[in-house]
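The values are calculated or read from the model by the stated rules, or taken from the named source; none is laboratory data. Please read all numbers here as calculations on a predicted model, not as lab measurements. Virtual Cβ from ideal backbone geometry, glycine too; neighbours counted across all protein chains shown. Note: areas computed on protein heavy atoms with side chains; ligands, DNA, RNA excluded. Shrake-Rupley method; radii C 1.70, N 1.55, O 1.52, S 1.80 Å.
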Amino acid sequence: MDWKDRISIDPNVLVGKPVIKGTRIAVEFIVELLAEGWTHEQILKNYPHLTVKDIQASLHYASEMMKQEKVYPLTV
């Protein structure tokens with residue numbers, strides 16, 4: 001899946017945070033719901049305009065951003 005088909009970044013929408021296209025629902029919000037233990041079904045029930053593919057795209061986006069992150073260990 002290519003998250004770029006479902007995620008948009010526009011400085012005029014939520015100050016440029018990545019969101020599900022056509023919504024103001026941020027990727028970070030979806031990831032946070034999943035981290036809090038929400039199931040896909042709970043998310044879709046509470047946000048019926050979202051799809052399973054939107055949730056998957058959010059996770060793909062988050063994964064790609066994590067792969068780009070550089071972590072440097074502290075030296076003592």
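Based on alpha carbons, the Rg and Dmax found for the chain are 14.0, 51 Å. For the chain, the 222 nm mean residue ellipticity estimated from helices alone, with every DSSP H stretch of n ≥ 4 adding -39500 (n - 2.57) and the total spread over all residues, rounds to -13000 deg cm²/dmol.
Summing Cβ point charges (Lys, Arg +1; Asp, Glu -1) relative to the Cα centre of the chain gives a dipole of roughly 140 debye.
Charges on Cβ only, +1 for Lys and Arg, -1 for Asp and Glu, centred on the Cα centroid of the chain; of 59, 3, 27, which one is farthest towards the dipole's positive end? Farthest along the dipole direction, towards plus: 3.
As a fraction of the 1.4 Å probe accessible area of the chain, surface on carbon and sulfur atoms comes out at 56 percent. The count of lysine pairs in the chain that are at least 8 places apart or cross chains, and whose C-alpha atoms lie under 23 Å apart, stands at 13. Per residue, the solvent-accessible area of the chain (1.4 Å probe, heavy atoms of protein chains only, all protein chains present) comes to 74 Å².
Mean-square fluctuations from a GNM of the chain, with a 10 angstrom spring cutoff on Cα atoms, peak among 53, 45, 17 at 45.
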